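A quick write-up on the structure given underneath.
The values are calculated or read from the model by the stated rules, or taken from the named source; none is laboratory data. Because the structure is a prediction, the values reported are computed rather than measured. Methodologically, a virtual Cβ is constructed for each residue, glycine included, from the backbone with ideal geometry; neighbour enumeration extends over all protein chains shown. These accessible areas exclude ligands, DNA and RNA; they are computed on the full protein's heavy atoms, side chains included. Shrake-Rupley method; radii C 1.70, N 1.55, O 1.52, S 1.80 Å.
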Amino acid sequence: MPLWEAGTPVGRFTLLAPLAQGGMAEIWLARQAGQRGFEKLVVIKRMVSKLASDAEYLEMFFTEARLAAGLSHANVVQIYELGED
């Protein structure tokens, strides 16, 4: 997995700053830029590199995303996009 640092483009997002890291994933503040000055702050969650090649952890990560995407509550983050880079 490539090293992430502030300023790195990830798809249509630009990493701004790391927010936290746990045992399974790290989260980053990022900016999504669009046409005519459109910008939106987002958070990107990425598996830690030592688990990224473990099929069992990958499945848990994607299962969590699928479950969270089905929820709509003020205290639960919304999933807008899921992908691999």
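Taking amide hydrogens as modeled 1.01 Å from N in the peptide plane, which residues meet the under 5 Å criterion relative to Val10, leaving out close sequence neighbours?
Here Leu15 satisfy the definition.
Quick one: putting +1 on the C-beta of Lys and Arg, -1 on the C-beta of Asp and Glu, what dipole do you get for segment 4-69 around its Cα centre, in Debye to the nearest 20?
With Lys and Arg at +1 and Asp and Glu at -1, about 380 debye.
Return one whole number: the accessible area per residue of the chain in Å², for a 1.4 Å probe.
Accessible surface, normalised per residue, equals 75 Å².
Take Leu51, project a point 7 Å from its Cα along the Cβ direction, then tell me which residues of segment 57-85 have their backbone nitrogen under 16 Å from it.
Correct set: 57-68.
For the chain, max minus min Cα coordinate along each principal axis, in Å, sorted largest first?
42, 33, 20 Å, listed from the longest principal axis down.
Grab the DSSP H runs of the chain that are 4 residues or longer, score each as -39,500 (n - 2.57), total them, divide by all residues and round the 222 nm result to the nearest 500 deg cm²/dmol.
Helix-only estimate at 222 nm: -6000 deg cm²/dmol.
Please give the FRET efficiency for Arg36 paired with Val76, using the beta carbon to beta carbon distance and R0 = 30 Å, rounded to the nearest 0.05.
0.45
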